[in-house]
Each structure stands twice: as structure tokens, then as C-alpha cells.
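Have a look at the structure below before the remarks.
The values are calculated or read from the model by the stated rules, or taken from the named source; none is laboratory data. It should be emphasised that the depicted structure is a prediction, and the values quoted were computed from it without experimental measurement. Quick reminder, even Gly has a Cβ in these numbers, built from the backbone with ideal geometry, and neighbours come from all protein chains shown. Remember, those area values only see protein heavy atoms, side chains included, never the ligands or the DNA or RNA. Shrake-Rupley method; radii C 1.70, N 1.55, O 1.52, S 1.80 Å.
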Amino acid sequence: MAPNGNGTPLIKLESIKKVFYTDEVETHALIDVHFAIAKGEYVAISGPSGCGKTTLLSILGLLDTPSGGEYDLAGESVARLTPVDRARVRNRQIGFIFQAFNLIGDLTVAENVELPLTYREMAASERKDRVAKALERVQMSHRAKHFPAQLSGGQQQRVAVARAVAGDPAILLADEPTGNLDSKNGEAVMELLRELNQNGSTICMVTHDARYAQHADRTVELFDGRVVEAAAV
Amino acid sequence: MMRNLRLAARMLLKTPFVSGVAVLSLALGIGANAAIFSIFEQLLLRELPVREPGQLVNLAAPGPKPGSTSSNDAGRSTITFSYPMFRDLEKRQTVFTGIAAHKLFSASLGVRNEPVAERGVLVSGSYFPVLGLTPAKGRLLSPDDDDVKGAHYVAVISYAFWENKFGKDPGIVGQPIVVNGNTFSIIGVAPQGFDGTTVSQMPVVWIPLEMREQVQVREDAESRRSYWLYLFARLKPGVNIETARTAMNALYRPIVTDVEAPLQVKMDSVTMRAFKAKLLRVEPGARGQSQVHEEATTPIMLLFLVTGMVLLIACANIANLLLARGAGRATEMGVRLALGATRRALVAQLLTESVLLALLGGVVALLVAQWTMSGIVALLPPFAAAMLQFSLRWPVIAFAVGLSVVTGVVFGLFPALHSTRNDLIGAIRAGANQITGGRAAARFRAALVTAQIALSTSLLIVSALFLRSLMNVSRADLGVRVEHLATFSVDARRAGYDTARSAVLFSRAEEELTAVPGVTAVASARVPLIANSDWESTIKIQGHDCSAESECQVALNRVSAGFFGALNVPMVGGREFSAVDRLGAPKVAIVNQAFVKRYKLGDHAVGKYISDGNTDSLNVEIVGVARDIKYANVKDEVPPVFYTPWRQDAHAGDMSFYVRTSLPPAQILGAMRATMQRLDPNLPVEELKTMPQQIRETNVFDRMIGILSLAFALVATMLASIGLYGVLSYTVAQRTREIGVRMALGADARSVRRLVMRQVAGMVVIGGLLGIGAALAAGRAARNMLYQLEGYDPVAFTVAVLLLASVALLAGWIPARRASAVDPMQALRYD
């Protein structure tokens, strides 16, 4: 476990379990998972297919709830949050980067980046300002008025990164961010994440590719739902 | 909000064809409802255009009314008052600002030497003050115009009449107008939009009640046993209906018991008790007084039910569309939720889309409503079409908008909730191109289509019942061949003729009309044939004792010499009337077969004597028996009728003429009018039409219900088939991979088609059975509206079910064929 500067980790998981019940079958996706992420850290979660990486990321991102255990985000337990509060935390503290980019095809690049900001009580001028800065950070300002279908995969993922950082979240959660990209574009996105981390962003990335895991400060290895290794890179 | 609207518009434009079909579906549903609502609002909801209509009340006097009663379109005779009772109540009451009395009458008007047949109203002097109206020109009638019998020859005309007949002449006040033979002075014009207090009637002239004899309204005004006036009143400020009812009965009951009861002679004790217990009713009167309120309710509610079902079917399509769209956007919703959107915000966004769709449907619906109303106008006879305004007024627009919003919210809600359910991870991982949809949604979609089929089946069956009934009506044996007959009516009395002059006029008319080229025969009758008119009388029959008075109540008509021959109605026995049967000659009658049957006269009817009216003298000899012909309308059984020659009647003032021609009857109408104008240019010719036209107008409600319900049922079936097609297409698209696997494993095209058609069959069978059940219940409820048809008529049921099944199978066949054309290689590569 790597605590942050003041001793309180940004993310702290204790004895996290996740069980799926389907047609009388119990599937233990996560078993007694402990780990923490400090502010400013860049952590990779890796492991073979079906080991529980994405389930863990979903719990970290408040997209799913654990079957047991404790999850503290920025020192606060998230166990008893209402759905509305969970939505608020997702919106303000977490930025998502998905493998399939998940840009909304009916919105322009700028509108996609603006999307999380629209769920906040934020003035339009500030939203525009933040969108412009986010796009600038990923060097996609020139494509602001395009629709996702008009972009390449790499460009789409850059826009997805811009959308994730636009709200200035406490942590970026990236789920196989290079999974749908060729190696050149994959490297570029990794470079982008590295830059973001160097500028202070906390990042937790799921990947099954050891090459990309090396970009992180530390790798948490999962196997059959258990943390088997937490190694500094 | 604006962002939601922008996005909603973008979503609709993204799939213009699907959005267009959805908008059109909704437009048909909402438009049909808006059209029916327009009629509903005009006939049943609209308040009188007067000051504070909510303060008006109608008075009614139910209970035994021995003596004579007379009613018209303002309401049944149960609610009419005698003239003395009106004046008593008017003088003594304290709870109203005033009580007004009125009575509609047929008015032959002379305007600038042109005869016009219109409606007029006799009104008490309090009528306009109670309504609180301001004249458009001059002044309105006041109590001073109605204080002395026969003294004030003054009249108020309607705004529309002033506009149409006087060209809005600013010098209208003081101009003369001839009303039923007497000249009145126009003192003012009623305000624009005011057409009296009786929906469906648009009188053009208001005359003081005390001038009743001058306009030939010969009710027995002095008698307390003659009930003919309609009353309404305005509540004083602070007085409610309950208080008014109590106060008015405190006046009414003593008059009934102390003044009127002693006037009733030979009244049995039971009736006397009921007579003395009579109470005056005070009811809300904002809508005025009209028979239409009672008569139109059932047909309009029936049409509302039908159009409501059409809308439900359209809405089911929208819900299915939104569900399919929602499934296609599951990833988007998941991403939005992951980015921090609350479910409420997403539901609001999706509802904005469905409401926008519905509002667009609502806008197009106004066009559909206009077309529907035009269609209804085409079905209505001119007099009925004239009383309705078939334009889009604000209540109809508000109704359409309101219905659109409600439709958008109600039918967008389940899809919106379903699309934003908390299956975030599944939604996000499904990927943008994959269609997701849970079992609940699939069940919901199938249930919606099944419900659509059920509704369409029941609508088709009910419309088939009405259509078969209408066919029975149009094929009914009238007893008279109407194809080459034309007809018109005149009221000589209202044009100032006395009885003797009337008789001369009618005889001359028969002669002149017979001379018109193409005319083969002419007949005339006091009671128009098959025109919803009747005339009944209680008679005595030689050798027959009626156990109850009603047993000897029969219909009668007074007809011309040669009447039956001219109409080609064969005589079953005896002879036809001839010129010798005139005033002063022995009184004669012809009876119909129903008369012979009821009174069991067998072959001995001719030569028997009857009385003409409720007298003891059997002084009218039956000289012939005529074949039955329909009397007041097509649907009623032919009643027992006795005919007498009108030339033996001392009171013939009005007459209907029947002209048989070898030409198409419509070609001769002009010549008929010209002939009558030659005889007397000041005599209005009324109801000039062909007999087939007359019959159609008599059957107007049957035609309207039959044709409209069929039209709506076909629209409903079309919408349901679109729904079925949409759901199956969606299902096939969703199951492409499965179908590919099946085909890879050896399924042939036929078995794949069977797979899809089995789904169709399931929905059709369940929906069809539900629809048949509903139609059986509807058929039972509508039995009274069907003519010579049972509510479970097997032909109607079979035809409707076969039609529905054929359309449904066709709608299902296209997606089934598409499914069977799936290329397994492509399908398995599907991502």
C-alpha cells in the first residue's frame, strides 16, 4: 500500500469481495482485495482475462458495488452513498477512459468533452473554457466541431481522455485504453497518460498488456479475483 | 432544457423516416381525437356566449302533465311549463335577477321581398336582460316590449342574418321584416356569435312572447294544462342552486297543489298524488337548453372511444419505437451515467425527445383533425353541418397540444425508465454498435403489439357490425320505390294563408307540378314520409275494445287523392282516395296492413268504421287497405297507420309534396321550385330534395357511425400492422446472430420463416381472442344501435377477424422473409 503525502490514501480498499449470482451459480469475481492508491500515483492493474480487473475498476469507479468490504474514496466511505450521491462523486471525482472510447456519436467532439460538465451547475462560459483547455491538452482543438465518426480511433481516444480530464477529477480510471488501438496510437495514448500523471493526475489503469503496465509507477497483479502481487515498476 | 431540446431534435432528424412514421402515427391518433373533441366541445361542453354563463340555471317541471304538452329541440316535454305558471313564478320569485321563457318556432320571413324559411324564437321580455347581452346594433327586447298581448310588433335579428341578408346595413334599425305573415319592425341586432340558447338551432329572429298569435304560434297560453314554454334564470349574486331550488319550490308547490290540482278532472288518485308531489328542478344552465345534450352524448362518446383506441394503438407504436431506440442507445445512457448524470436527468432528456415527437405529431394532427372534420361534414346533411363550426378553435388546439404532451410523457416513461436502468457496466461494455434489450422490454414490446391487435380486432368487428347494420338500413324494404321521387314542403299558414286558401293553393300546386315535363305523378301528405316526423292519435275502431288507451293509439297521415297510386304503393283491398273524397263528402280512411293486423280485422277491414280522434262517433269508413310503407324512419317497425284525405281536413296549413319523374329526380328540383314560385313568390319552399337524399338524411347517424368507425378501424389496423412489422423487424435484427447459428447448424429458410411466423401467430391468436371478447361486449352494448342484426353477427366477426389476420400475417411475412435471407457467414461475423 502506498499512502499519499498526508498519510491518507486517495483510494483505499479493504477486504473487497464481489460475487455474481446467476441461475444458482455463484461466481466470485473478487476475493478479499486490499490495496490503496495515493494521490498523484499512476497504478496499473493487470492480469489475465477474467481475473476481475474490470470488475475492480467498476467498483473503483462507483459503477458497481462490492458484495463486501470497505471502499474509502478521498477518506470517505462510499458504501452508504445514495445513487444520486454516487452520480455526483462520479461526476466530480472520477474521470473515465473506456476501451471502446464510448464517445456519443450524436454529439460533437466539444459537446462530448463538455458532457460531464453539463451535469454540474456550471456556467456556460466556464464550461467552454474548460472544454477548450482539455482539448488543447490532448491536441484536438482543431477537431472540436467534428463528430466522433469523423475521427480515427486514436483521435477518438484522445477526445475521451479530454472528456475524462475536463472536470478536473481526483482520479482517472482507464479501462484498457489502448485495447481498440493499433500500437502506434496505443503508445501515443500511453504517452498522454504519462504526461497527465506528471502534471499531477492520479491514474488507475487496467491493462493486460505488460508493455503498457510498465508506464505506471506500480502494478497490481490480479489472478482469479485475488491480488497476487503489488509491485513498483 | 434547451440542450435537451437540441439533442431531441437531432435524434429525430437522425432517422427521418422512422421519425416521420412515428409523427404520422401520432398525428392520426391525436387528429382523430381532436376532431371528435371539436364536435364534443361544440355540442356538449361549450357555454353560451353571454355574461357569466355559470350563473345561469335551467328550470324544469317533471311529473304528470295532463292536458297538452309541446316540445322542440330545446328539450323534452317533461321540462316545459305552462304560460300562467311562468308568469306566476316570474312575478313572485326573489332568488333570480330574472326568469326568462322561450319557444322556438318555424318562421317564414319576408326580407326585402324575398321569402326565407328560418327559425325564430318567442321570448319573454326578460330573456335578453337575464342573458346580459349587449346588442351589436340598436337595442334588444326588454320587458316593456312584452307587457301587452299583441301590442308590440318589434323584432331582434341575429348578427349572421343581418350580415347575410342585409349586408350589415348600418340603417337596419327600423326596417320591416315579415314574420309568418305579419310585419315587424327590427329594433336591433343580437351580438355576433349569439345564436340563441339551444345548441343545434340557429334562430335568426327574436319576437316578444306576447306576439305569439301574430307569428301563428297557437299554443293555449291561458291554460294551465298546456305546457310549452322553456324557462331559464340567472342566480342573484350570493345565491347558489340549492338555495334557489328550495326557494322556488316554496313558490311552485302551493301553486301546483292549490291552483292546478283542482283543475284536474277525472284524475285517478295515484296520478293525483304524483301530481301534487311534483317538484321544480333547478339545474346548471351555462350550456343553454338543448335535446342535443342528451341525444348526441352516446354517439359522440362512442366515437371518442373508437378514436381513443386508435390513439392507444398509435402510442403503442411510439412506445415500441422508443424502446428500440433506447436499446440502441444503451451504451450512450451508460456512458452518461458513468460521467455523473443522474437517472432523473436522463429520464428528463428522453422524455423531452418523446414529448417533442408527440408535439410534432400534435401539430400534424391539427391537419388530420381538419381533414377528419371535413369528412364528417361530407357525411352530415346541410342543416346539421351548418350548426357545427368545423374550424380549429383554441379549445381544439389546446386539446391537441395537451393530448400530445400527455401522450409523450405517458408513453415515453417506460422506455425512458427502461433505457436508464442501472445496468451500467453491461451497457458500457455492450459497445456502441450492439443492440441490447432485456427480457422485460421484449415482453413489454410483445404485450404492446398483442394489445394493438386486440384493439384493432375489436374495432374492426364493431365497425363491421355498424357497416352491416347500415347495409341493412339501406336495403330495408321501405314499401315505396324512392329512386325517382323528389319532395319539398311548404307552410302556407305561416305565409298568411287561411285554411280555405291553403287548400286551393295545394290543389293548384298538384296540378301545376303534374304539368312539369318529365313528371309522371304528384302526391301530397301532411306528415312527410320517412323524415323523422310523426303524428299520432287515439281512435276508436268498430268492433274492437281497447283495454288501454295506448292500444288504440295509431299513427295517421292526411294525404292527397291518388296518393298511393302516385307512390306506386299497391292497395291490398278496397279503393284509393279520389277527388270525390273532399270536405262535406262522407269521411273515409285507408289503413295499412299493420293496422289490420293489430286490430285483427282480417279480410273485413274495408267497410268498418273508425273515429278520427278520441271521439265516440264512429263516422269514418275504411274504404281501403294499403300495403305497409315506412312511416317516420327506416329502422322502426311500420306502425298501424290510418290515412285520410287532406281535402276532408279543415286545418290543412302545411304540406309535403312528392313528385314522381321519369328523369333523375335531381334534374327536376329546379323546375319544382320555379313552379311553386310562380304560384306564390312569397311562399318559402322548404326541404327541397330527392327522396334518396331525404332517406340518407334520416339515417345520418347510422351512416356517420358506420363510415367513421370503419375509417378509424382501418387506420387502427394499419397502425397495428406497422407496430407488428416494427417489432418483428427489430426482433429479427436482434436475433440475426442466432438465426445465423441456426442456419449454420442446418436450418433451412422455411424453418427460419416458421420461427418468426410462430411469434406472429402467437400475438395474433392472443390479441385476436382478446379483441373478439371485447367486441362481443361492445356488440351487446351497441345492440340498440344495430338494425336487424345481432351484436354477435357471425359474418361481421368472421370478415373482421380474417381481415385482421391477413394484414397481420402480411406485416409479419416481410420480416420473416428477411430473416430467412440471412447469410450465416455475415451473421456470425456480426459485431
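The table that follows gives values for the structure above.
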| item | result |
| --- | --- |
| In Å², nearest 10: area of B:Leu769 left accessible to a 1.4 Å probe | 120 Å² |
| Residue-averaged beta-carbon neighbours from other chains (10 angstrom radius) around A:119-127 | 1 |
| Per-peptide average of other Cβ atoms within 10 Å, ordering B:403-409, B:453-459 highest first | B:453-459, B:403-409 |
| Tilt relative to chain B, helix B:700-734 - C-alpha long axis, 0 to 90 degrees, to 10 | 0 degrees |
| Partnerless Cys - chain B, beta-carbon criterion under 4.7 Å | B:Cys315 |
| Probe 1.4 Å, protein heavy atoms only - accessible area per residue of segment B:208-281 in square angstrom | 48 Å² |
| Between helix B:394-419 and chain B: long-axis angle, C-alpha atoms, 0 to 90°, nearest 10 | 30 degrees |
| In degrees, nearest ten, helix B:439-475 long axis to first principal axis of chain B (Cα) | 30 degrees |
| Qualifying lysines (Cα of each under 25 Å from Cα of B:Lys540; at least 8 residues distant if same chain) | B:Lys65, B:Lys266, B:Lys587, B:Lys597, B:Lys600, B:Lys608, B:Lys630 |
| Cβ crowding within 10 Å averaged over residues, with B:678-685, B:643-650 ranked highest first | B:643-650, B:678-685 |
| 222 nm mean residue ellipticity, helices alone, for the protein assembly as shown (DSSP H n ≥ 4; -39,500 (n - 2.57); rounded to 500) | -14500 deg cm²/dmol |
| DSSP-defined antiparallel bridges as percent of all bridges, the protein assembly as shown, nearest 5 | 70 percent |
| Span-rule helices in chain A, defined as complete DSSP H runs reaching 24 Å or more along the axis (Cα) with Kyte mean at least -1.0 | none |
| Computed over chain B: relative contact order in percent, which uses C-alpha pairs under 8 Å that are six or more apart | 16 percent |
| Proximal lysines relative to B:Lys165, as straight alpha-carbon distance under 22 Å, when same-chain residues fewer than 8 apart are discounted | B:Lys137 |
| Listed peptides B:727-735, B:782-790 by packing density, highest first (mean Cβ within 10 Å) | B:727-735, B:782-790 |
| Inter-chain shielding of A:84-92 (mean C-beta neighbours from other protein chains, 10 Å cut-off) | 4 |
| Shielding by partners, peptide B:326-339 (average Cβ within 10 angstrom, other chains) | 5 |
| Cross-link pairs A:Lys53/B:Lys14; A:Lys39/A:Lys133; B:Lys168/B:Lys689; B:Lys278/B:Lys635 - those with Cα-Cα distance over 29 Å | A:Lys53/B:Lys14; B:Lys168/B:Lys689; B:Lys278/B:Lys635 |
| Straight-distance crosslink candidates among lysines, where the alpha carbon sits under 24 Å from B:Lys149 and sequence neighbours closer than 8 are dropped | B:Lys91, B:Lys103 |
| Whether the protein assembly as shown is rounded, prolate or oblate, judged on the alpha carbon gyration tensor where a/c under 1.5 counts as rounded | prolate |
| Shape category assigned to chain B from the gyration tensor of Cα positions, a/c cut at 1.5 | prolate |
| For chain B, share of DSSP beta bridges that run antiparallel, in % to the nearest 5 | 75 percent |
| Surface share of carbon and sulfur [accessible, 1.4 angstrom probe, percent] for segment B:695-831 | 65 percent |
| Total accessible area lost when B and A pair, probe 1.4 Å, Å² to nearest 100 | 2000 Å² |
| Global geometry of segment A:17-105, whether rounded, prolate or oblate, following the gyration tensor of its Cα atoms and the 1.5 cut on a/c | rounded |
